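**Student:** Before anything else, here's the structure in question.
The values are calculated or read from the model by the stated rules, or taken from the named source; none is laboratory data. If you're wondering where the values come from, they're calculated on a predicted model, not measured in any experiment. Cβ sites come from the backbone with ideal geometry, for glycine too, and all protein chains shown count toward neighbours. For the accessible areas, the whole protein counts, side chains as well, though only heavy atoms, and no ligand, DNA or RNA atoms are used. Shrake-Rupley method; radii C 1.70, N 1.55, O 1.52, S 1.80 Å.
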Amino acid sequence: MSAAPGTISPPARELKTSAICGYLHRIEVRSIGLITRRRYWFALCDSTPYLYWYKDSDDIKCIGRVSLSGAAFTYDPREKGRFEIHSNNEVIALECSSDKQRNEWMKALQSTRKRSWKATKSKSDSSLDISSLTGRNSSSVLEECSSPSPVPPPRSPKPKKRTQFLTEEETDAETSSDVPHSSEETAEVVEDTDNTKIPAEGSATEWYLNPNGQLNERSLQMPKTIESPETVLKRLADQSIEAPFRAIRRNLSTWSRSRQNTSDEPVVGSRKGTVSSVDLTPEEKVIELSDKVSSLEEVVDSLRAALLLAQRNNEALQKIEDMGDNKEEMREYILEKERQVTELHISNSMNARRVRDLEDQNVRLEDTINDLQQSVEAFRESLRTKEELILRMCEEENREDLLGSISERSSNIPADANGLVSDVEVPEGILVDVSSVDCEEATRKVLDEENVRDIGELQDLVEGYRTQNQFLNAEIVQLHAITQSLEDREKKLIRQNFDLEACYYQLKSRYLMVLNHFKSPTKPGKIMEPGVLKELLEESARTPRESQQNLTDQLGFYKKDDFSESDDLLDTATFYMKKAGDVVEATKLEQSEEYMKWLQSWDAFLVNNTVSRQTAIMSSPDLKTLIRTGVPPAYRGRVWKIIVTHWVKDKQAELGNGYYQSMLRKAGTKKQDGSYDAAIKQIDLDLARTLPTNKLFDEPDSANIEKLRNVLYAFRYHNSHVGYCQGLNRLAAIALLNLDEQDSFWFLVACVEHLQPEGYYTSSLIGAVADQKVLRDLVAEKLPKLAAHLRALEVDLSLFALSWFLTCFVDVLPHSIYLTIFDAFLYEGNKVLFRFALALFKICEPHVLQCKTIGTVHQCLSKAQEHIIDFKSLAQVAFNELNPFPQKTIETKRQLYLTQLKDTGHCM
Amino acid sequence: MAARNAGTARPGGPNRTCQFKLVLLGESAVGKSSLVLRFVKGQFHEYQESTIGAAFLTQTVCLDDATIKFEIWDTAGQERYHSLAPMYYRGAQAAIVVYDITNQESFQKAKNWVKELQRQASPNIVMALAGNKADVANKRTVEYEEANAYAEDNALLFMETSAKTSMNVNDIFMAIAKKLPIGPAQGEPTGTVDMNQPQQQQKGSCCK
């Protein structure tokens, strides 16, 4: 599913969405051969590579969906309006009312598929760059740790980043020998040959780890013996020469055996054997000899190959020997070799893949062949039955003819005998004849007519087939392109995967080196320069902080680095462990089925509800439930726009297009006049003081400051009753994180004029004050213990809660939570604020009840947010545990307090 | 309520802890929140987020014979939040009225706040006037003498402060602390090391 990361300014893209939707019939063949034809509402949208269908046009929840990213479309011109979508071994047959409509759908489907494919392509093009990680390879560390150590340089752990050292044995062998071609003959390896059977694929991850996921004990050990170059040379020589020799021996033995067989056979078999062996014809001899020759040739070939190999090995060893003194060169040479080996490995695995693919293909082809054979069989069967049928019919006809002639004859006989009878009978016989002739003629005529009609029909059909052919050709071209790009992408991913793996092993080896060092620091050969550890630490600290974009999240909020540099290694370790745990947890969550389902349901909603085609979203309990689970960050802009548009669409229609621009112009001319305006002045003062934790707002010349100014200026002239109230800057800034400038303006209009009750942001804030009194009542009702405690200590809740209501919790909660509260607030309005305020109090209740003085209660409530773990737990309280939560109560209380406040001249 | 809190003594301690409610008032963007942040956390942000409603913070200072815990209410400056101010200064034992020395208007507004407090707050409230942004004295529009004279007339503590350079920030809070009514002394005043330690820490963090 394309949970495209919400870029910082997504809304512009969404404007161009063109969608197609409508009722279609879905034709399904059930298992018993029953064909059902059901009418569903189908919707297709640019933003997602799925075709969704719903029970009805204004549904939120979908019935089903099909992925279009790898789908193929086809139709049969003989079936009107019908087409098929083939995707993931599934065929979905749909039918629309006309061919024209079908063409439209097909075109839309194709363009959607194309777009999704292009999107994935561009995404993969901009995929991560890991060169920075691999680029800084271990050489610097290596030099530091290897040069001062008394052991030979090849011992240093640098080559471990290569994936070819797959099995643990080889790791040992590798560290022990200078040669990358580790051999099975190494004494310690022989001890545990069982483990060498680890499949090559799996072993990549089992390098240092055993199947239980624990560190292999042996992986931490240093080699027991260090072989001298001579032994290595000798072993290599043995190895390289032995193999071809074995081949020769085998060849020879098989050959001689076959010879023996031919010669032994007669002895065992029959007495004539000796004769038969002698009796071999010259041809046979020739064959045998040529066999021999060819086998000898094979031997020669293998010998040549072995020789070549040996030569190469010799060269390599020579070189190693030559370089014996020069460790530097040797290392480089070994590195070079290793690189080659890695490449070979990569190409090998790629080849293996290809082979597997081909095998798969083969299997598939065999399947098709089987299918075809079966159908041929079936066809033959049907032919046979038809033939039988025809034969039978022929027989019957013959019989009838016979009967007929017999009866004729029999009738003729009496006709001869009896004229009367013949008078009656003969005409009848003639009649029969005539009628049959007539019939034939008639049928011929009919057939001719039918032919004429058929020709017309056939022409139509040919035309249909021609268009179908064109369509299918286009389809093939497109699918081919898609396949090609996907293949490219796959290759790229594989390469990336290898790089990453290499990187991973490289890192792992370094850390293992460190572990190794600490495990037995006294043994010789394990001394590590103190600088290495420091450098490793520095590097690990450097990686995440290097790139600028890592400093902020996707919305531009600076990431809080709550870790202050500490000299204590254990603290550092714990910190990073926690961080790693968090990352793993988050990744797991994102891959969980629940999360996927959640994204999918949002996708289904958005496909059927674009801004241009709004259904009755406001009265949908389904949508309410969905929104209460939060909007996925990537979809937030679109969902908000849909909801905001719902609230303000009447106003927008009334005020006309370009209203926002006219408000901006008004603000511009007023400013040029130089007329003083307290609201405008306050806006200017607040611009750089809005969301200072966000990169887009933190400086006077940050990216979104100008937009924020425009939105607030326009609103000031749009609603001069409210003008500007501190707090609106927060709302506008939050809107700008997800919407464009103009939509943010309407967002603000929706919040102030539709979602919040009247008088919330006006000059006396009377609405907000009244709501505080309502809140106090609700706390007394829902949280009586807390209310009593607060009353006893004379604590006023509104000291804290006022700003919660004015800014929808922007000031107290982290943005991941308040954005989700905004989702619900936009849909359900001000009541949600009461829900969440009460939920916050409820969660703090046990802590507050422990406080014995007004000061401690104040302190506790000012840190209320610290008790909130995540949105889910908060929402659980807000939407479930506090029920029932009738809107009417709030409304009545609000009116009561509003009149009270107005009467008393509004004083808290 | 106020009296009760002020008298709270830490049992068994060498000196007493007194809690006092302090409120900051003044026009928008004169630096109320910055003063508090400097005093409480030793931090300064050039673009301090504007305050909605009010913010609550605490800080403890040590005097010779008592530990004073300030419960600080940092209020919003915009005019329309003015009507909420009584909620915050109600029962406060101390108030700092802040103005911006580069903004004459904010000084006038400060005078209004002083008047309102004299009229409506607790009669014994300790009031201080802070002319903030003293680091940009070259843009000054409110003269020191003028403000000082006003403060003397109204029996206010007065200092020009700078949250940015931390000039006089701790001093003004200390001055208030010293003027606050601490109950009759119990036991011997303790050594100077104990008293001065937190203050030194603050200074250290401020001078960064």
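**Student:** Which of the residue pairs A:Lys559/A:Lys579; A:Lys641/A:Lys893; A:Lys118/A:Lys492; A:Lys863/B:Lys41 have a Cα-Cα distance greater than 20 Å in the structure shown? Could the numbers behind the result be given before it?
**Tutor:** Details: A:Lys559/A:Lys579 13 Å; A:Lys641/A:Lys893 32 Å; A:Lys118/A:Lys492 16 Å; A:Lys863/B:Lys41 16 Å.
A:Lys641/A:Lys893, as the Cα separations exceed 20 Å there.
**Student:** Something else about it: From the P(r) of region A:633-755, could you give the percentage of C-alpha pairs in the tail past 17 Å? All intermediate terms of the calculation are to be shown ahead of the outcome.
**Tutor:** On the way: 4106 of 7503 pairs.
Cα-Cα pairs of region A:633-755 separated by over 17 Å account for 55 percent.
**Student:** Mind listing the long-range amide H neighbours of B:Ser122? Cut-off is under 5 Å, sequence gap 5 or more, other chains count too, H placed in the peptide plane at 1.01 Å from N.
**Tutor:** Close amide H contacts, sequence-distant or interchain: B:Gly91, B:Ala92.
**Student:** As a test question: what accessible area, to the nearest 10 Å², does A:His480 have when a 1.4 Å probe is rolled over all protein chains in place?
**Tutor:** Approximately 110 Å² of A:His480 is accessible to the 1.4 Å probe.
**Student:** If you don't mind, there's one more thing I want to ask. Along the charge dipole of region A:633-755, Cβ charges K/R +1 and D/E -1, which of A:Phe747, A:Gln726, A:Thr669 sits furthest on the positive end?
**Tutor:** Ranked along the dipole, the leading option is A:Phe747.
**Student:** A further question follows. Would you work out the relative contact order for region A:819-908, in percent, from Cα pairs under 8 angstrom that are 6 or more residues apart?
**Tutor:** The value is 30 percent.
**Student:** Go through region A:666-706 and flag every residue whose accessible area shrinks by 20 Å² or more with all protein chains in place compared to the isolated chain (probe 1.4 Å).
**Tutor:** A:Lys681, A:Gln682, A:Leu685, A:Ala688, A:Arg689, A:Pro692, A:Pro700
**Student:** While we're looking at this one, here's another question. On a full-extension model of 0.36 nm per residue, what is the gain between A:Lys902 and A:Ile390, subtracting their alpha-carbon distance, rounded to one decimal in nm?
**Tutor:** Working: separation 512, 0.36 × 512 = 184.32 nm, distance 10.15 nm.
Working it through step by step, the gained length comes to 174.2 nm.
**Student:** Report the relative contact order of region B:16-179, percent, no decimals, based on alpha-carbon pairs under 8 angstrom and at least 6 residues apart. Could you put the intermediate results ahead of the total?
**Tutor:** On the way: 323 pairs, mean separation 42.4, N = 164.
Here the relative contact order equals 26 percent.
**Student:** Moving to a separate point now. Accessible area drop of at least 10 Å² (1.4 Å probe, protein heavy atoms): which residues of region B:60-85 qualify, relative to the chain alone?
**Tutor:** Buried-area filter returns B:Lys69, B:Glu71, B:Trp73, B:Gln78, B:Arg80, B:Tyr81, B:Ser83, B:Leu84.
**Student:** Once you have the Cα-Cα distance between A:Ser349 and A:Leu303, take 0.36 nm times their residue separation minus that, and quote the gain in nm to one decimal. Let's see the in-between values first.
**Tutor:** Working: separation 46, 0.36 × 46 = 16.56 nm, distance 2.76 nm.
Once the chain is fully extended between A:Ser349 and A:Leu303, it gains 13.8 nm.
**Student:** Okay, next question. For region B:16-179, which whole-number percentage of the solvent-accessible area (1.4 Å probe, protein heavy atoms only) is attributable to carbon and sulfur atoms? Each step should come with its number before you reach the end.
**Tutor:** Numbers: 2630 of 5710 Å².
That fraction is 46 percent.
**Student:** Another question, then. How far apart, in nanometres, would the label points at A:His480 and A:Lys578 be if each is projected 7 angstrom from Cα along the Cα-to-Cβ direction?
**Tutor:** 5.9
**Student:** Rounded to the nearest 0.05, what FRET efficiency do A:Asp571 and A:Gln340 give with R0 = 35 Å and r taken as the Cβ-Cβ distance? Could you check? Write out the running numbers ahead of the final one.
**Tutor:** Details: r = 44 Å, r/R0 = 1.25.
E between A:Asp571 and A:Gln340, to the nearest 0.05, is 0.20.
**Student:** If you count the DSSP beta bridges with both ends in region B:16-179, what percent of them are antiparallel, to the nearest 5?
**Tutor:** Values: 10 of 35 bridges.
In region B:16-179, DSSP labels about 30 percent of beta bridges as antiparallel.
**Student:** Then there is this: Which positions within region B:13-59 get 40 Å² or more of their accessible surface covered by the other protein chains, compared to the chain by itself, with a 1.4 angstrom probe?
**Tutor:** When all protein chains are present, B:Ser28, B:Ala29, B:Tyr47, B:Glu49, B:Ser50, B:Ile52, B:Phe56 each give up 40 Å² or more of accessible surface.
**Student:** So, one more: Work out the length of the dipole vector of region A:633-755 about its Cα centre, built from +1 on the beta-carbon of each Lys and Arg and -1 on the beta-carbon of each Asp and Glu, and round it to the nearest 20 debye.
**Tutor:** Numbers: 16 positive and 14 negative charges, 31 e Å.
Roughly 140 debye, rounded to the nearest 20.
**Student:** Just want the answer: with Cβ charges of +1 for Lys and Arg and -1 for Asp and Glu, which residue in A:Ile643, A:Ala703, A:Leu737 is farthest toward the dipole's positive end in region A:633-755?
**Tutor:** After comparing all options, I get A:Ile643.
**Student:** I would also like to ask the following. Around A:Ile27, with a cut-off of 14 angstrom between Cβ atoms, what is the net charge of the other residues, counting Lys and Arg +1 and Asp and Glu -1? Please list the in-between numbers first.
**Tutor:** Numbers: positive: A:Arg26, A:Arg30, A:Arg37, A:Arg38, A:Arg39, A:Lys80, A:Arg82, A:Arg102; negative: A:Glu28, A:Asp76, A:Glu79, A:Glu84, A:Glu90, A:Glu95.
Net of charged neighbours comes to +2.
**Student:** Interface size between chain A and chain B, please: total buried accessible area, 1.4 Å probe, rounded to the nearest 100 Å². Don't skip to the end; give the middle numbers.
**Tutor:** Details: alone 52710 and 10480 Å², together 60150 Å².
In total, chains A and B hide about 3000 Å² from solvent.
**Student:** How far is it, in nm, from the label point at A:Glu794 to the one at A:Arg39 when both lie 7 Å from their Cα along the line to the Cβ?
**Tutor:** Taking the two extended label points, one gets 7.2 nm.
**Student:** Working out 0.36 nm times the residue gap between A:Thr889 and A:Ser290, then minus their Cα-Cα distance, what length gain in nm do you get to one decimal? Let's see the in-between values first.
**Tutor:** Numbers: separation 599, 0.36 × 599 = 215.64 nm, distance 10.47 nm.
In short, 205.2 nm is gained.
**Student:** Further question: Can you tally the net charge around B:Leu35? Count Lys and Arg as +1, Asp and Glu as -1, for every other residue whose Cβ sits under 14 Å from the Cβ of B:Leu35. Don't jump to the answer; show the numbers that get you there.
**Tutor:** On the way: positive: B:Lys32, B:Arg38, B:Lys41, B:Lys133, B:Lys164; negative: B:Glu27, B:Asp74, B:Asp100, B:Asp135, B:Glu160, B:Asp171.
Charge balance in the 14 Å sphere: -1.
**Student:** Using a Förster distance of 60 angstrom, determine the FRET efficiency expected from the C-beta separation of A:Glu490 and A:Asn657, and round it to 0.05. List each step's numbers first, then the result.
**Tutor:** Working: r = 48 Å, r/R0 = 0.79.
After rounding, the FRET efficiency stands at 0.80.
**Student:** If Lys and Arg each add +1 and Asp and Glu each add -1, what is the summed charge of the other residues whose beta carbon sits under 11 Å from the beta carbon of A:Pro757?
**Tutor:** On the way: positive: A:Lys831, A:Arg894; negative: A:Glu753, A:Glu758, A:Asp771, A:Glu891.
The answer is -2.
**Student:** How much accessible area per residue does region B:16-179 have, in Å², with a 1.4 Å probe? Before the final figure, lay out the partial values.
**Tutor:** Working: 5710 Å² over 164 residues.
About 35 Å² of surface per residue is accessible.
**Student:** Averaged per residue, what accessible area in Å² does region A:633-755 show with a 1.4 Å probe, protein chains only? Before the final figure, lay out the partial values.
**Tutor:** Working: 4590 Å² over 123 residues.
I get 37 Å² per residue for region A:633-755.
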